[in-house]
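Colleague: Shown below is the structure under consideration.
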Amino acid sequence: MNNSVSNTGRLLWAALRALLMLTLVTGVIYPLAVTGFAQVLFNDKANGSQVEADGKVVGSSLIGQAYDLPLKKGQETPEPDLKWFQGRPQNGLGSNSVNTQYKLILSGATNRSADNQDLIDWVTAAKAAVVKDNSVAGYTVEPAQVPADAVTSSGSGLDPDISPAYADLQVHRVAEKNGLTVAQVQKLVDEHTTGRTLGFMGEPRVNVLELNIALKALVDKD
């Protein structure tokens, strides 16, 4: 009886020591080591890839933002502020989702098939809006020019980038709204176009937040 109690006690003490050691190693030492490593070698990425403008943090290069006008009385959906470059559609989980207007509650795709009538209607309306918003005096956008990312959200609904084709499509409208030349705005787009990662992974892209920061700086300068 005494031997049984003694053996049980030794086993419990050994288990407790193992628990304390593993807690120390995996719950304290390892997280501190990884955090320290990240802060020293990848400080920007470890802190959320923050983007600063005018001395303050204005967002993250990894998360898209909305560029909308203030809601008018009776409005439920804000209108886009057309002096800024616009990102991809913001309803990553559909119009009834909590993930609208880039709210970071959760993210995900609509999971609607290409022949889903709701999706077809929504994309059709989005394409018409892109054509209307970006057609200005002397420059008319044709429906065939509208790229897919202009009328569809990304898998997460939080994509911060757009294709160079969609950025180019917006150049004339942005130039007109801000009193700039098309050449000035096109130069901004070209300067903020990033190629494929390592030359072969992904697609060329334009970060909308960084592009709009450069646009603001140009407008303020002029």
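The values are calculated or read from the model by the stated rules, or taken from the named source; none is laboratory data. All figures in this text were calculated on a predicted structure; none of them were measured in a lab. FYI the Cβ positions are ideal-geometry reconstructions off the backbone, even for glycines, and counts take in every protein chain you see.
Colleague: Any idea which of Ser163, Ser153 is in contact with a Gly (Cβ under 8 Å, 6 or more places away or on another chain), in contact (Cβ under 8 Å) with a residue 40 or more places away in the chain and either more than 29 Å from Ala53 (Cα to Cα) or among the polar types (S, T, N, Q) (or both)?
Modeller: Working: Ser163 fails: in contact with a Gly (Cβ under 8 Å, 6 or more places away or on another chain).
After ruling out the rest, the residue left standing is Ser153.
Colleague: Ok, one more. Restricting to segment 135-161, and then to whatever is aliphatic (A, V, I, L, M) and modelled with pLDDT of 90 or more, can you tell me which residue is nearest to Ile120 (Cα to Cα)? Explain how you work it out, then say what you get.
Modeller: So in segment 135-161, the residues aliphatic (A, V, I, L, M) come out as 136-137, 141, 144, 146, 148, 150-151, 158.
From what is left, the residues that are modelled with pLDDT of 90 or more are 136-137, 141, 144, 146, 148, 150-151.
Numbers: Val136: 26, Ala137: 29, Val141: 20, Ala144: 16, Val146: 15, Ala148: 13, Ala150: 14, Val151: 10 Å.
Per the stated criteria, the residue is Val151.
Colleague: Just name the residue that is farthest from Asn212 (Cα to Cα) out of those in segment 32-71 that are touching a Ser or Thr at 6+ places or on another chain (Cβ under 7 Å) and part of a strand (DSSP E or B).
Modeller: First pass over segment 32-71, keeping only residues touching a Ser or Thr at 6+ places or on another chain (Cβ under 7 Å): 48-51, 60-62.
Applying the additional criterion that residues be part of a strand (DSSP E or B) yields 50-51, 60.
Values: Gln50: 15, Val51: 12, Ser60: 13 Å.
Only one residue tops the list, namely Gln50.
Colleague: Name every residue in segment 201-222 that is among the acidic types (Asp, Glu) and out of contact with any Ser or Thr (no Cβ under 9 Å at 6 or more places or on another chain), in order of residue number. Before you say what the answer is, go through the steps one by one.
Modeller: Kept after step one, since they are among the acidic types (Asp, Glu), are these residues of segment 201-222: 203, 210, 220, 222.
Within segment 201-222, Asp220, Asp222 qualify.
Colleague: Does Leu11 qualify as being at pLDDT 90 or above, assigned to a helix (DSSP H, G or I) and aliphatic (A, V, I, L, M)? Spell out the reasoning first.
Modeller: Numbers: at pLDDT 90 or above: no; assigned to a helix (DSSP H, G or I): yes; aliphatic (A, V, I, L, M): yes.
So Leu11 fails the test.
Colleague: Hey, another quick one. Going through Ala33, Ala53 one at a time, which residue ends up being farther than 30 Å from Asp220 by Cβ and either of a type in the set (Gly, Ala, Ser) or surrounded by 10 or more Cβ atoms within 10 Å (Cβ to Cβ) (or both)? Before the answer, list the steps.
Modeller: Working: Ala53 fails: farther than 30 Å from Asp220 by Cβ.
Result of the check over Ala33, Ala53: Ala33.
Colleague: Looking at segment 120-222, what helices (runs of 4 or more DSSP H) fall wholly within it and have at least 2 residues that are crowded, with 20+ Cβ neighbours inside 10 Å, assigned by TED's automatic domain parsing to the domain that holds Ile63 and over 18 Å from the mean Cα position of the chain (by Cα)? Quick ask: steps written out before the conclusion?
Modeller: Numbers: elements: 164-178, 182-191, 208-221.
Per the criteria, 164-178, 182-191.
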